[in-house]
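Participant: What follows is a single structure, and I will ask about it in a moment.
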Amino acid sequence: MIFTSAMPVAAHERPVVIEVRDVAKTFRVPEHRVDSLKERAVHPFRRTTFREQHVLQGVSFDVRRGEFFGIVGRNGSGKSTLLKIMASIYRADRGRIRMAGRLAPFIELGVGFNMEMTSRENVVLNGVMMGLGRREAQRRLDAVLDFAELAEFSDLKLKNYSSGMLVRLAFAVMVEADADIMLVDEVLAVGDASFAQKCLDVFHEKRRAGRTLVLVTHDMASVEELCDRAMLIHDGEVLHCGAPADTALRYFRVNFDAPADPAAPDPTGGVMDVNVDVVDAWLEDAQGERVRNVEQQTPIRLQIALRARRDLDAPVIGIHVVDALGSTVFGFNRRLTLGPGEEDRVPEGGRFRVGGTIENPLVPGRYFVHCYVARSRQQGDYALQRLRLLDFVVFGIDKGPGAITVDADVQAVLESGDPVRHREAS
Amino acid sequence: MSAPELELRDVRGPSALGGGWRRSWDLLFLIAVNDFKRSYLGTALGYVWSLARPLLLFAVLLVVFTEAFNLGERVQSYPVLLLFNIVLFGFFQESTSAAVGSILGQESVVRKTQFPRAVIPLAVVLTALFNLGANLVVVVVFLLVSGVGPFATWLLFPLLLVPYAVLTIAVSLILPALNSRYRDTGILWTVAATALFYATPVLYPLEIVSEKLQHILALNPLAPFFVLARKWVIDPSAPTPAEAAGGAVWLLIPAGLFVLTCVFGVWVFNREAPRMAEEL
């Protein structure tokens, strides 16, 4: 059977080029680091105690040839350590990794340059390091310098380069190594816009050439744009591995879905105006647990506890949801809901509660809840002060245009096209 | 068209000499040549500067030891011997003292690439070897001007240089391996290297110290190289290492230390190599 680029092999039929099985890595962090012989000599019998830091605990996955594979996770989740183990910089404590083909790593924004050498020397050295012969590496030199747009600086020592130039050179070395597998850690986060675009162009070109890419990043947009599959690592374990959009959503969940930290300072602390004290204000999830953040399209459950600082006669409470730019996205007013025989007033020192569930059309971003309390509707009093109650993040992957997402029953259909002429045209 | 099937190979992590001999050799050679070029071509007086250190040391020591200790009269061709010994010991000293911090100094390379770790200290030794070659040219000129030699035994000198370089390599592997764990290895080594400088027959030939001390000094694994080098290069009538040690049997101790150092060097470096990137 003959495969052409127009008829690509189905992804799941392509051979596995990276096979990671049950990889674990523990760093032993000394509580009291003995890193000198002197300390060892002064305290010869002191046992160094170690805190074991389980950075990776049994990670397994496969990457197939030509696949662009994203690894995402929060800082300290172990994703960079995993990449370093794959690049043979660290050794795994347990597990097995197998790879097919030549490897080009791009780690911590570099490929391991010696600052005392010129870029010319570094590029040749790096080529050899990535497995090229000395002549071959010499031949690639010009291509690398061209790509990095640094030909005129080729005899300058790297210590005199700007950080942007260094990243460009490092990336060029990685690209021109023409490896079968590229391991890339956070490249798109740096450099100017044109460099980021160049990186993306290169990645697309490499994809067409059937190369394999493992990309470690925080940037969900690039994961969704570039990757065929993505894996979420959290606390050294694989939480999810699948479609990039799915993984990105779960990434946002582990980032923002953490329960409210009880030790964190009360966001409403000290907020008051002449009419009321804010006793407490929080968001909660469906189970009644306090949360700081809300997933897109999930109802916002808001609770506010207030205490009157003076008699409030027929008070009106206004709630506004304000976006990061300060514009109010939506708002509403409420009066006290009265039971039979209850008076529409709150005596000084009396407590009342505003709470409930709000539909959530907000697009991902940071928002604030503001509240206005007017003392007496009858006397035409207005709210004297805005109370900043809390801020929260709406997370999700459907950015969309505008400030809110709405359900729209709208279809696009072909109206009166001439099907015959249309067919001839094609 | 189907791409050729690539075979899955185990990724074993970093090591002392991973990725094949060919690659390690290429890297080693490139680094050493770059270093050498930098010190010789980087400045107009590059070669002069690299000679200046041994020559100045030589001038000072020559004055002290001929004027104060009268060695010039007691030892045949003392000035040439002194210069030759300083250059020879300089190779060991330069290699080992640069090797101690070499892994730390190449942090960016070690942390970011699958670089065969042993190449870093080995390149240091190779660079020092190039320097030794350059310095020996001056020594030869000095020898001929002083009317010493040429002797047929000069041709044997490379035979001596090989085990001497091997010992230097072994020490240059031990030091950075220890230094990645204990950061004051470098400081201790500067003291130890100085002590070794005086414990090795560099400034003086062995036979001028008391017989008891002679036997002790001859245990130093560096000593036989200097004794033999003197006999082959400067003074064919000088004692052989066996004579200097007081019998061939006594040579077993420095020989044993030599083997021990080499075995320990390879073992300790191999043991530390996989973790070096983490210790930085």
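Participant: Residues of segment A:192-214 being under 19 Å from A:I18 (Cα atoms) and of a type in the set (G, A, S), which ones?
Facilitator: A:A209, A:G210, listed by residue number.
Participant: Shifting gears a bit: Considering only residues that are crowded, with 22+ Cβ neighbours inside 10 Å and more than 7 Å from chain B (Cβ to nearest Cβ), which ones fall in segment A:104-129?
Facilitator: Passing the criteria: A:A104, A:F106, A:S119, A:N122, A:V123, A:N126, A:G127.
So that you can scan it fast, the table gives a plain yes or no per residue for (1) farther than 21 Å from B:R111 by Cα; (2) in a strand (DSSP E or B):
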site: A:Q53; (1), (2): no, yes
site: A:L56; (1), (2): no, yes
site: A:V59; (1), (2): yes, yes
site: A:D62; (1), (2): yes, yes
site: A:F69; (1), (2): yes, yes
site: A:G76; (1), (2): no, no
site: A:L83; (1), (2): no, no
site: A:S88; (1), (2): no, no
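Participant: If you check A:R96 against the conditions, is it closer than 25 Å to A:V238 by Cα, at pLDDT 85 or above and touching a Lys or Arg at 6+ places or on another chain (Cβ under 6 Å)?
Facilitator: On the way: closer than 25 Å to A:V238 by Cα: yes; at pLDDT 85 or above: yes; touching a Lys or Arg at 6+ places or on another chain (Cβ under 6 Å): yes.
So A:R96 fits the description; yes.
Participant: Select from segment B:88-129 the residues that are assigned to a helix (DSSP H, G or I) and under 13 Å from B:S180 (Cβ atoms) and list them in ascending order. Even if it seems obvious, please write down each step before you answer.
Facilitator: Filtering segment B:88-129 down to residues assigned to a helix (DSSP H, G or I) leaves B:88-100, B:102-105, B:107-112, B:119-129.
Answer for segment B:88-129, where residues must be assigned to a helix (DSSP H, G or I) and under 13 Å from B:S180 (Cβ atoms): B:A99, B:V100, B:S102, B:I103, B:L104, B:G105, B:E107, B:V110, B:R111, B:I120, B:P121.
Participant: Could you tell me whether any residue of segment A:29-43 is at pLDDT 85 or above and within 31 Å of the chain's Cα centre (by Cα)? Give the derivation first.
Facilitator: First, the residues of segment A:29-43 that are at pLDDT 85 or above: none.
There is no residue in segment A:29-43 that is at pLDDT 85 or above and within 31 Å of the chain's Cα centre (by Cα).
Participant: If you take just the helices (runs of 4 or more DSSP H) that sit entirely in segment B:1-87, which of them hold at least 3 residues that are away from every other protein chain (no Cβ under 14 Å) and modelled with pLDDT of 80 or more?
Facilitator: Numbers: elements: B:21-41, B:46-63, B:71-74.
Answer list for segment B:1-87: B:46-63.
Participant: Only one of these is in a helix (DSSP H, G or I), surrounded by 20 or more Cβ atoms within 10 Å (Cβ to Cβ), touching a residue at least 24 places away in the same chain (Cβ under 8 Å) and more than 14 Å from every other protein chain (Cβ to nearest Cβ): B:A238, B:A193, B:A244, B:A177. Name it. First the steps, then the outcome.
Facilitator: Details: B:A238 fails: in a helix (DSSP H, G or I); B:A193 fails: surrounded by 20 or more Cβ atoms within 10 Å (Cβ to Cβ); B:A177 fails: more than 14 Å from every other protein chain (Cβ to nearest Cβ).
So the residue among B:A238, B:A193, B:A244, B:A177 that is in a helix (DSSP H, G or I), surrounded by 20 or more Cβ atoms within 10 Å (Cβ to Cβ), touching a residue at least 24 places away in the same chain (Cβ under 8 Å) and more than 14 Å from every other protein chain (Cβ to nearest Cβ) is B:A244.
Participant: Of all residues in segment A:130-146 being under 33 Å from the mean Cα position of the chain (by Cα) and surrounded by 20 or more Cβ atoms within 10 Å (Cβ to Cβ), which is farthest from the other protein chains (Cβ to nearest Cβ)? Spell out the reasoning first.
Facilitator: Just the residues of segment A:130-146 that are under 33 Å from the mean Cα position of the chain (by Cα), to begin with: A:130, A:144-146.
When the remaining residues are screened for being surrounded by 20 or more Cβ atoms within 10 Å (Cβ to Cβ), the result is A:130, A:144-145.
Working: A:M130: 8, A:V144: 16, A:L145: 17 Å.
Residue satisfying both the conditions and the ranking: A:L145.
Participant: Could you grab me the full set of residues in segment A:282-320 that are assigned to a strand (DSSP E or B) and under 19 Å from A:G349 (Cβ atoms)? Quick ask: steps written out before the conclusion?
Facilitator: Let us first name the residues in segment A:282-320 that are assigned to a strand (DSSP E or B), namely A:282-284, A:290-291, A:293-295, A:300-308, A:312-313, A:316-320.
Residues satisfying the conditions are A:I304, A:A305, A:L306, A:R307, A:A308, A:L312, A:D313, A:I317.
Participant: Name, by its number, the condition in (1) touching a Leu at 6+ places or on another chain (Cβ under 7 Å); (2) buried (at least 21 other Cβ atoms within 10 Å of the Cβ); (3) of a type in the set (A, V, I, L, M) that does not hold for A:A172.
Facilitator: All conditions pass for A:A172, except number (1).
Participant: Out of the residues in segment B:206-250 meeting the condition of being among the hydroxyl-bearing types (S, T, Y) and within 21 Å of B:V148 (Cα to Cα), tell me which one is nearest to the chain's Cα centre (by Cα). So that I can check it myself, show each step before the final result.
Facilitator: To start, the set of residues in segment B:206-250 that are among the hydroxyl-bearing types (S, T, Y) comprises B:210, B:237, B:240.
Now narrow it down to the ones that are within 21 Å of B:V148 (Cα to Cα): B:237, B:240.
Working: B:S237: 26, B:T240: 22 Å.
For segment B:206-250, the residue satisfying everything is B:T240.
Participant: Which pairs do you get when a residue that is touching a residue at least 12 places away in the same chain (Cβ under 8 Å), found in segment A:60-89, comes within reach of a residue that is small (G, A, S) and in a strand (DSSP E or B), reach meaning Cβ atoms under 8 angstrom, with the pair 6+ apart or on two chains?
Facilitator: Here the result reads A:S60/A:G95; A:F69/A:A230; A:G70/A:A230; A:I71/A:A230; A:V72/A:A230, each pair linking segment A:60-89 to a residue that is small (G, A, S) and in a strand (DSSP E or B).
Participant: Select from segment B:108-152 the residues that are free of Cβ contacts under 8 Å to residues at least 12 places away in the same chain and within 11 Å of chain A (Cβ to nearest Cβ) and write down the one among them that is surrounded by the fewest Cβ atoms within 10 Å (Cβ to Cβ).
Facilitator: Going through the qualifying residues, I end up with B:S108.
Participant: Going by the structure shown, is A:G270 on the phi > 0 side of the Ramachandran plot and at pLDDT below 85? Full working, then the answer.
Facilitator: Working: on the phi > 0 side of the Ramachandran plot: yes; at pLDDT below 85: yes.
Taking the combined requirement at face value, the residue satisfies it.
Participant: What do you reckon, is B:G105 surrounded by fewer than 19 Cβ atoms within 10 Å (Cβ to Cβ) and within 14 Å of chain A (Cβ to nearest Cβ)? Write out each step before concluding.
Facilitator: Details: surrounded by fewer than 19 Cβ atoms within 10 Å (Cβ to Cβ): yes; within 14 Å of chain A (Cβ to nearest Cβ): yes.
Criteria met by B:G105.
Participant: I need a count of the residues in segment A:326-379 that are outside any strand (DSSP E or B) and under 19 Å from A:G396 (Cα atoms). I'd like the intermediate steps shown before the answer.
Facilitator: Residues of segment A:326-379 outside any strand (DSSP E or B): A:326-327, A:336-344, A:347-350, A:359-361, A:363-364, A:375-379.
Those still in the list that are under 19 Å from A:G396 (Cα atoms) too: A:359-361, A:363-364.
Count: 5.
Participant: Collect the residues in segment A:376-400 that are at pLDDT 80 or above and more than 27 Å from A:W282 (Cα to Cα), keeping them in residue-number order.
Facilitator: Listed by number, the list is empty, since nothing qualifies.
Participant: Still on this structure, I have one more. Taking the residues in segment B:196-222 that are part of a loop (DSSP other than H, G, I, E, B) and of a type in the set (S, T, N, Q) as candidates, determine which candidate is farthest from the other protein chains (Cβ to nearest Cβ). So that I can check it myself, show each step before the final result.
Facilitator: Our first condition is that a residue be part of a loop (DSSP other than H, G, I, E, B); within segment B:196-222, this holds for B:200-205, B:209-210, B:218-222.
Adding the requirement that they be of a type in the set (S, T, N, Q) leaves B:200, B:210, B:220.
Numbers: B:T200: 23, B:S210: 33, B:N220: 22 Å.
Only one residue tops the list, namely B:S210.
Participant: Same structure again: Out of all the residues in segment B:49-102, which are touching a helix residue (DSSP H, G or I) at 6+ places or on another chain (Cβ under 6 Å), of a type in the set (V, I, T) and surrounded by fewer than 20 Cβ atoms within 10 Å (Cβ to Cβ)?
Facilitator: Result: B:T66, single match.
Participant: Moving on. Give the residue that is modelled with the highest pLDDT, with candidates limited to residues of segment A:169-209 that are over 21 Å from A:M130 (Cβ atoms), in a loop (DSSP other than H, G, I, E, B) and touching a helix residue (DSSP H, G or I) at 6+ places or on another chain (Cβ under 8 Å). So that I can check it myself, show each step before the final result.
Facilitator: Filtering segment A:169-209 down to residues over 21 Å from A:M130 (Cβ atoms) leaves A:188-197, A:200-201, A:204, A:208.
Adding the requirement that they be in a loop (DSSP other than H, G, I, E, B) leaves A:188-192.
After this cut, where a residue has to be touching a helix residue (DSSP H, G or I) at 6+ places or on another chain (Cβ under 8 Å) as well, the list is A:188, A:190-192.
Working: A:L188: 63, A:V190: 62, A:G191: 62, A:D192: 69.
Top of the filtered list is A:D192.
The values are calculated or read from the model by the stated rules, or taken from the named source; none is laboratory data. Please read all numbers here as calculations on a predicted model, not as lab measurements. Positions of Cβ are generated from backbone atoms using ideal geometry, with glycine treated the same way; all protein chains shown enter the neighbour counts.
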